[in-house]
Amino acid sequence: MRTVLIISVFAGICVAGRFASTQEPAKKSASAQQLSSVSERLVGAWRLISVETKRGNGEVIYPFYGKHPQGLLIYDRSGWMSVQIVSDPNPAVPTASSREGFLKATPAEKEKAIDGFYAYYGTWSLDQSGSSVTHHIRQSLYPGERGEEAIRQLILDGKRLTLSAEAHEMGETHERILVWERIEP
């Protein structure tokens, strides 16, 4: 009798466990689904279309990167990101194609090259609403940015990604707007 009772209890546990494992998992909340959707749409490589600086009076200027910069922004599924931007016009000096040659360039040539390039990498995360992305900067061409949390408002519209942020430069507060286009494999 005791053996039958133990077998019955064991069978009941197995059936209950099997029934529980066939049940649908709890559905994600609408906000969690939206966040997951934004995250999936953000993952990939993006080509820079434009960088605009919008002053408080609405005037659009191009002080740092010119009207036709080039760039690449990458977000991966594991949470890493990187960005590189080359200004317009592209730096033309130094002409060396190696690190050794670059180091031998004149200080003026090195300055022109650095003035025409910007890059950083780190991890990324979305806010709860999926309306902003934070770049957690690990390394940057500008040492002062290392460790910063760069918050960018984001708009995803088809194959276009617009990132914007408030900046205080040139003695004023303005909005920097970067437009990116998805690079298809």
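Every read-out reported here was derived from the displayed coordinates using simple, explicitly stated rules and does not represent laboratory data. All figures in this text were calculated on a predicted structure; none of them were measured in a lab. Please note: Cβ atoms are built from the backbone with ideal geometry, for glycine as well, and neighbour counts cover all protein chains shown.
A few points about this structure:
- Residue within region 96-114 that is of a type outside the set (Ser, Thr, Tyr), out of contact with any Leu (no Cβ under 9 Å at 6 or more places or on another chain), touching a residue at least 24 places away in the same chain (Cβ under 8 Å) and under 26 Å from ILE151 (Cβ atoms) present: no
- One residue stands out in region 140-175 among those that are of a type in the set (Gly, Ala, Ser) and not in a strand (DSSP E or B): the one that is surrounded by the most Cβ atoms within 10 Å (Cβ to Cβ), namely GLY147.
- Unmet criterion (only one of (1) farther than 24 Å from THR53 by Cβ; (2) surrounded by 14 or more Cβ atoms within 10 Å (Cβ to Cβ); (3) under 22 Å from the mean Cα position of the chain (by Cα)) for LYS110: (3)
- Top-ranked residue in region 113-134 [being assigned to a strand (DSSP E or B) and under 15 Å from ILE85 (Cα atoms); ranked as nearest to the chain's Cα centre (by Cα)]: TYR121
- Unmet requirement for ILE137, which otherwise passes all of (1) surrounded by 12 or more Cβ atoms within 10 Å (Cβ to Cβ); (2) in a loop (DSSP other than H, G, I, E, B): (2)
- Qualifying residue in region 91-106 (condition: under 20 Å from LEU48 (Cα atoms) and surrounded by 12 or more Cβ atoms within 10 Å (Cβ to Cβ)): yes
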